[in-house]
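The values are calculated or read from the model by the stated rules, or taken from the named source; none is laboratory data. Predicted model, so just to flag it, every value in this text is computed and none were measured. All Cβ positions, even for glycine, are placed from backbone atoms using ideal geometry, and neighbour counts span all protein chains on display. SASA here: full protein model, heavy atoms, side chains in, ligands and nucleic acids out. Shrake-Rupley method; radii C 1.70, N 1.55, O 1.52, S 1.80 Å.
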Amino acid sequence: MALDYTYRDVSKMIDHSLLNPTLDWSTLEKGIALSKAYDVASVCIMPFGLAKCAELLAGTDVHASTTIGFPHGVNTTKIKVLEAEQALRDGGQELDMVVNISKVLSGAWEYVREDIKAVTDVTHAAGQKVKVIFENCYLTDEQKIRLCEICGEIDVDWVKTSTGYGTGGATFEDLRLMRAHTPAHIQIKAAGGVRDLDKLLEVRLLGVSRSGATATKAMMDEARLRLGLEPIVVEAVATAGY
């Protein structure tokens, strides 16, 4: 049966996640090397490692990304902006910011809007992109829809389901809802729960253009197998600490 996707169609959906605080530097550097070898969309790494990540990815088609206000979004707006400015100086090309969940639950929509806008403005001014994380597991559908509307008005680059560290991740229902209530030019990112190629292909059909992943190697190995492509061998990385 003919497949309706190429390798890059799926590899460029992957934001390889290196956000678990228990990962040591050797593991992080191996994750960056894996991401380069598999030609994914980006590496989303903890902020302290971003500058080195950007250096290691230089000259490739894999973007360096990090998080802002992660994982709860409850930093002040000023601190989020400072985080974003530092990330941009460190070579960040895509910033995944978390909304202030407490303010969303409180219905403080003007605060939520200005918080998102402040980070988006500084990121866009530097020519880079922003993804806005809702953490849907804590929200009602009405709150998710309002966030989609606000993000559409501000013109963010992606809306994203989850941090991957809440009580739940991406669901088909949430992805359909977000696609239905977000302007067509704004992309959708799934996070949490996309752990195999079949699930990745399913969310792709729902209009998802990016997915956070830790199971990148398994998913991309399966994609290459189905497409009849040679396996990828990741060269050993000699890490010196960072």
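Skip the ligands, DNA and RNA, and give the accessible area per residue of the chain with a 1.4 Å probe, whole Å².
On the way: 10700 Å² over 242 residues.
That works out to 44 Å² per residue.
Once you've got the GNM for the chain with C-alpha springs shorter than 10 Å, pick whichever of S102, S11, S42 has the biggest mean-square fluctuation.
Greatest mean-square fluctuation among the candidates belongs to S102.
List the pairs from K131/K199; K36/K144; K36/K199; K36/K189; K52/K144; K36/K103 whose alpha-carbon separation is above 32 Å, in the order I gave them. Can you show the working numbers first?
Working: K131/K199 21 Å; K36/K144 34 Å; K36/K199 23 Å; K36/K189 20 Å; K52/K144 35 Å; K36/K103 38 Å.
With Cα atoms farther than 32 Å apart: K36/K144; K52/K144; K36/K103.
I want the local charge near D15. Using Cβ-Cβ distances under 11 Å, sum +1 for each Lys or Arg and -1 for each Asp or Glu among the other residues. Intermediate values should be presented prior to the final figure.
Details: positive: K12, K131, K160, K189, R210; negative: E94, D96.
So the environment of D15 carries a net charge of +3.
Using a Förster distance of 22 angstrom, determine the FRET efficiency expected from the C-beta separation of T214 and F172, and round it to 0.05.
Details: r = 20 Å, r/R0 = 0.92.
Rounded to the nearest 0.05, the efficiency is 0.65.
Treat each spin label as a single point 7 Å out from the Cα along the C-beta direction, and report the Q86 to T27 distance in nm.
Simple spin-label model gives 2.3 nm for this pair.
Applying the Karplus parametrisation 6.51 cos²θ - 1.76 cosθ + 1.60 with θ = phi - 60° to the phi angles of segment 213-223, what ³J(HN,Hα) value in whole Hz is obtained for each residue in order, glycine and proline being reported as x?
Those phi angles translate into 8, 10, 8, 4, 4, 4, 5, 6, 4, 5, 4 Hz.
Please report Rg over Rh for segment 1-131, where both radii come from the alpha carbon positions and Rh follows the Kirkwood definition. List each step's numbers first, then the result.
Values: Rg = 16.0 Å, Rh = 15.5 Å.
Expressed as Rg/Rh, it is 1.03.
Please report Rg over Rh for segment 140-189, where both radii come from the alpha carbon positions and Rh follows the Kirkwood definition.
On the way: Rg = 10.3 Å, Rh = 11.0 Å.
Reported Rg/Rh, Kirkwood definition of Rh: 0.94.
Express in % the proportion of alpha carbon pairs of segment 127-242 at distances exceeding 25 Å.
Working: 2155 of 6670 pairs.
The proportion of pairs with Cα distances above 25 Å equals 32 percent.
Which semi-axes, in whole Å and largest first, does the equivalent ellipsoid of the chain have when worked out from the alpha carbon gyration tensor as the square roots of 5 times its eigenvalues? Kindly include the intermediate steps, with their values, before the conclusion.
Numbers: eigenvalues 158, 99, 42 Å².
Gyration-tensor ellipsoid for the chain: 28, 22, 14 Å.
In whole Hz, with x marking every Gly and Pro, tabulate ³J(HN,Hα) for segment 119-136 from phi via Karplus 6.51 cos²θ - 1.76 cosθ + 1.60, θ = phi - 60°.
6, 5, 4, 5, 6, 5, 4, 8, x, 10, 10, 10, 10, 10, 8, 8, 6, 4
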